[in-house]
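Just so it is clear, none of the values below were taken in a lab; they were calculated from the coordinates. Since we're looking at a predicted model, the values are computed, not measured. We place every Cβ from the backbone using ideal geometry, glycine too, and count neighbours over all the protein chains shown.
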Amino acid sequence: MIRAAIGRRVLPLRDPARPRRAALSASSAAGARGPRSASPVGPIGRVRQLSWWAAFSLVELVIAMSILAVGLVGAMRVFPVGLRASQRSEVASRAVLAAQRTIESLKLTPWEELTGELPPTQEDGFDITTRLRTPSIDHLLDETRLKAVDVTVQTGSQSRPHRLTVVTYLRREG
């Protein structure tokens, strides 16, 4: 008997000189479902055509790969947008922390030194401008015990500056 290997299965080839078995014997016919199914390899070694669901054609493969490529390109275009948003939020968080540190340092400064505009400082690569003023609140009982603090943090380059302004109030104890 001649054998042919297809994939991982080894299938026997029918010898054309040998006659085929026509049917099963009567003793084994009761439990059998019929004659043995034919192998996908023909009598001369040619592979018979498989059914439509058994394999992909080259056209189907090209279509599937193009659909996959379009999806991957669309997904890859999202990554730079997310990266830029993440970087902007990181810079904004660092700017808020710089403003918060400036306000905390102002709380430790004596009340008499808190007047007008303080000299600009630079911290963590940010330009920080601090301005102190008397708040304009109606019906305030004692204006001398409260000061409004505007801390402006400038980020980015000179061509594209981004400004963050934090406003808070300081109150003199006593």
Region 135-165 and region 76-134 have their Cα centres apart by a whole-number Å value of 11
Placing each pseudo-label 7 Å from Cα in the direction of the beta carbon, Phe79 and Arg94 end up separated by a distance in nanometres of 2.3
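Where in region 105-174 are there GluC sites (Glu not before Pro) that are in a DSSP coil and have at most 10 other Cβ atoms within 10 angstrom of their Cβ? Provide the component values of the computation, followed by the final result.
On the way: sites: Glu112, Glu113, Glu117, Glu123, Glu143, Glu173; in loops: Glu173.
Passing sites in region 105-174 are Glu173.
Take every Cα-Cα pair in region 76-171 and report what % of them are more than 16 Å apart.
61
Please get the size of the charge dipole for region 59-140, origin at its Cα centre, with Cβ charges of +1 on Lys and Arg and -1 on Asp and Glu, quoted in debye to the nearest 20.
Details: 8 positive and 10 negative charges, 62 e Å.
Approximately 300 debye in magnitude.
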Dipole check, region 76-171, charges on Cβ (K,R +1; D,E -1), about Cα centroid: among Gln154, Leu83, Leu132 the Cα furthest to the positive pole belongs to Leu83
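Based only on other Cβ atoms within 10 Å, what is the fewest-to-most ordering of Thr134, Thr129? Don't jump to the answer; show the numbers that get you there.
Numbers: Thr134 11, Thr129 17.
Exposure proxy ranking, most exposed first: Thr134, Thr129.
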